[in-house]
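For reference, the structure discussed in these notes is given below.
The values are calculated or read from the model by the stated rules, or taken from the named source; none is laboratory data. Since the model is a prediction, treat every value here as computed from it, not as a measurement. Note that we place each Cβ from the backbone using ideal geometry, even for glycine, and neighbour counts take in every protein chain shown. Quick note on the areas: whole protein, heavy atoms, side chains included, nothing else; ligands and nucleic acids left out. Shrake-Rupley method; radii C 1.70, N 1.55, O 1.52, S 1.80 Å.
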Amino acid sequence: MDTEKIINVITNIFEGADEGDWKKVKASFANDVLLDYYSMNGNPAVVLSSNEIIKAWKGFLPGFDLTHHHVTKFHIEQSDGIAKAYFSGKADHFIDGESWTVEGTYDLELAVPGDEAQVTKFKFNLQKQSGDISLPQKASANISKT
């Protein structure tokens, strides 16, 4: 599969999350995904359905006034119907003029059966965070108010 198509599948996850376009996000995920945010929250990796991931993100990200994910420096390897993607990412989150920024790298695996690709493994490797680290709690509180 063309490398640019794989990158588009990946960027659709982040763009969709920022836009609140959950159909766009879902189209990029396989039915089941190994989700790993251990470096950020200490929770072990877990296999979740794409619907469960989207439900969790919908219950958090809209609590911010705005989010902006920027992913770059892609390295893609392909073999036997599997693509492995490594890239850098930065996510800015805003509430009432305050910001919280998370930076790190991602390790993704995608099933590539022919001319389609879907993410089957999504791992975030936290490098640093800055700004108001209480914003995630404020975002969760904003969601619970609605």
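Data table
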read-out: Helix-derived mean residue ellipticity, 222 nm - over the chain, DSSP H n ≥ 4, -39500 (n - 2.57), to 500; value: -9500 deg cm²/dmol
read-out: Zone residues, segment 42-66, relative to residue 96, backbone N less than 20 Å from point 7 Å out along Cα-to-Cβ; value: 60-66
read-out: Per-residue SASA entry for residue 116, accessible area with 1.4 Å probe, Å² rounded to 10; value: 120
read-out: Among 53-63, 73-83, the order from most to least packed when residues are scored by Cβ within 10 Å on average; value: 53-63, 73-83
read-out: Mean accessible surface per residue for segment 1-125, computed with a 1.4 Å probe while every protein chain stays in place, in Å²; value: 52
read-out: Rel. contact order, % - alpha carbon contacts under 8 angstrom, at least six apart, the chain; value: 24
read-out: Protein accessible area in segment 87-146, 1.4 Å probe - carbon and sulfur %; value: 47
read-out: Probe 1.4 Å - accessible area at residue 107, Å² to nearest ten; value: 40
read-out: Sum of side-chain charges, residue 18 neighbourhood, beta-carbon under 11 Å (Lys, Arg +1; Asp, Glu -1); value: -3
read-out: Dipole magnitude (debye, nearest 20) for the chain, charges at Cβ of Lys, Arg, Asp, Glu; value: 340
read-out: Lysines whose Cα lies under 23 Å from that of residue 26, excluding same-chain neighbours fewer than 8 positions away; value: 5, 55, 58, 84, 90, 121, 123
read-out: Accessible-area value, residue 72, 1.4 Å probe, nucleic acids and ligands omitted, Å²; value: 50
read-out: Volume in Å³ per residue [convex hull over Cα atoms, computed for the chain]; value: 105
